Amino acid sequence: MTLREKLERSRPGKSKEQKTKKKKGRKIMSPDDVIKNGPFSWKVVTLLGSGGFGDVYKVFDERNKAKQYALKTESEDGKKVMLRLKVEVRVMMAILEARKTNPQGYKHFVEFVDRGKSEDLGCKFVVMSLVGPSLDDCRRKYGVCLNDRSTPYIIAIQSLEAVRDLHALGYLHRDIKPANFAVGLGPTEPTVFMLDFGICRTKEAYRGVPRNMKTIVSYVDTLSFQSAPDYPFMINFLFTMSSQAGFPINNINTGAWVGNLKNKKDSGRNGTRSDKLSGSSDGD
Ligand SMILES: Nc1ncnc2c1ncn2[C@@H]1O[C@H](COP(=O)(O)OP(=O)(O)OP(=O)(O)O)[C@@H](O)[C@H]1O
């Protein structure tokens, strides 16, 4: 029996739409509602699910009813900027770009189709290709056994491929869980798709940090829980790197930052971080 047949046979309880309307204060679209955006006219078929920041609908473009998509919204909550959808679109764009040089690759990611803003709903939205239910829903909601024969291994391998491909693009997903992996629909049913890039980050931690610092991090990554770190190696490495960068360190106790903190504090407003650092509240 295909997954689609199982889904059709299943009898989910109370619809997510009902739950959502009670749970969230945001406006929920109904079937046949339309969002117009440039050449597209996105018509709602049904609500697929709701997250903490928005909702996902099954939609089609009125010019071609045969093909369905997923439209994901992000509510604009007053002045609060969520940025999750912005990050999601950025990752999708990176995937789109990468597919130009490797059209066969990145099969575990949905396709970006459209993005826009609905004044009426007070939300931003992104439209992407439609996939099936999440692994979590497959198991809990539809009772599909994911532990059968080679199934758990295939799911694990495909999920790992997705993580690998995302990392290769320079992003960390940061929310890996069965609810964020879904099976495909129709011909792509055997493929596992990675969803929800809303809290992805690049290894921003290194922004502005000398490149060679990564060597230390890579070394630390090789250590196991019981390893004794080679501190002399790391410290000598840092001395050497600083010299090679043209800044030989003659005295470790002479901080290159000395004096900068005071300058920042003087030019800052009341309650700046430098006040907190110096433990002073009166500006000295
Ligand atoms: N491209 C898609 N095709 C089909 N269903 C999707 C698609 N993207 C998301 N969904 C489904 O929509 C629902 C809501 O997804 P979404 O990622 O917004 O929220 P969430 O992960 O449940 O919550 P949160 O984002 O707060 O962690 C989920 O059931 C998810 O499987």
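The values are calculated or read from the model by the stated rules, or taken from the named source; none is laboratory data. Remember, predicted model here, so these are calculated numbers, not experimental data. Reconstructed Cβ throughout: ideal geometry from the backbone, glycine too, with neighbour counts over all protein chains shown. Areas reflect the complete protein model, heavy atoms only, side chains present, ligands, DNA and RNA absent. Shrake-Rupley method; radii C 1.70, N 1.55, O 1.52, S 1.80 Å.
Structure notes:
- Test: residue in the range 51-62 that is near the ligand (Cβ under 8 Å from one of its atoms) and of a type in the set (A, V, I, L, M, F, W, C): yes
- Test: residue in the range 34-43 that is open to solvent by 70 Å² or more (accessible area, probe 1.4 Å), modelled with pLDDT of 95 or more, part of a loop (DSSP other than H, G, I, E, B) and out of contact with any strand residue (DSSP E or B) (no Cβ under 7 Å at 6 or more places or on another chain): yes
- With respect to the conditions (1) more than 11 Å from the ligand (Cβ to nearest atom); (2) of a type in the set (D, E); (3) closer than 30 Å to V217 by Cα; (4) assigned to a loop (DSSP other than H, G, I, E, B), D165 falls short on a single one, namely (4).
- Taken over the range 199-211, the criterion of being under 22 Å from G105 (Cα atoms) and open to solvent by less than 60 Å² (accessible area, probe 1.4 Å) is satisfied by C200, T202.
- In this structure, S227 does not satisfy being hydroxyl-bearing (S, T, Y) and surrounded by 13 or more Cβ atoms within 10 Å (Cβ to Cβ).
- Long-range neighbours under 9 Å by Cβ, at least six apart or interchain, first residue over 13 Å from V127 (Cβ atoms) and of a type in the set (F, W, Y) within the range 44-64, second more than 11 Å from the ligand (Cβ to nearest atom) and at pLDDT below 95: F53/S75; F53/D77
- With respect to the conditions (1) at pLDDT 90 or above; (2) over 26 Å from D175 (Cα atoms); (3) within 15 Å of the ligand (Cβ to nearest atom), S10 falls short on a single one, namely (1).
- Any hit, the range 127-146, residues being in a loop (DSSP other than H, G, I, E, B) and free of Cβ contacts under 8 Å to residues at least 40 places away in the same chain: yes
- Of all residues in the range 173-198, those satisfying the criterion of being surrounded by fewer than 19 Cβ atoms within 10 Å (Cβ to Cβ), within 13 Å of the ligand (Cβ to nearest atom) and not in a loop (DSSP other than H, G, I, E, B) are P178, A179, G186, T188.
- Flag for G105 being in a loop (DSSP other than H, G, I, E, B) and in contact (Cβ under 8 Å) with a residue 40 or more places away in the chain: yes
- Of all the listed residues (K265, K214, K276), the sole one being touching a Ser or Thr at 6+ places or on another chain (Cβ under 8 Å), at pLDDT below 80 and either among the basic types (K, R) or open to solvent by less than 70 Å² (accessible area, probe 1.4 Å) (or both) is K265.
- Subset of the range 122-131 (residues that are near the ligand (Cβ under 7 Å from one of its atoms) and crowded, with 19+ Cβ neighbours inside 10 Å): M128, L130, V131
- Sole exception among (1) within 21 Å of E111 (Cβ to Cβ); (2) open to solvent by 80 Å² or more (accessible area, probe 1.4 Å); (3) part of a loop (DSSP other than H, G, I, E, B) for G170, by number: (2)
- Y69 under 21 Å from T191 (Cα atoms) and outside any strand (DSSP E or B): no
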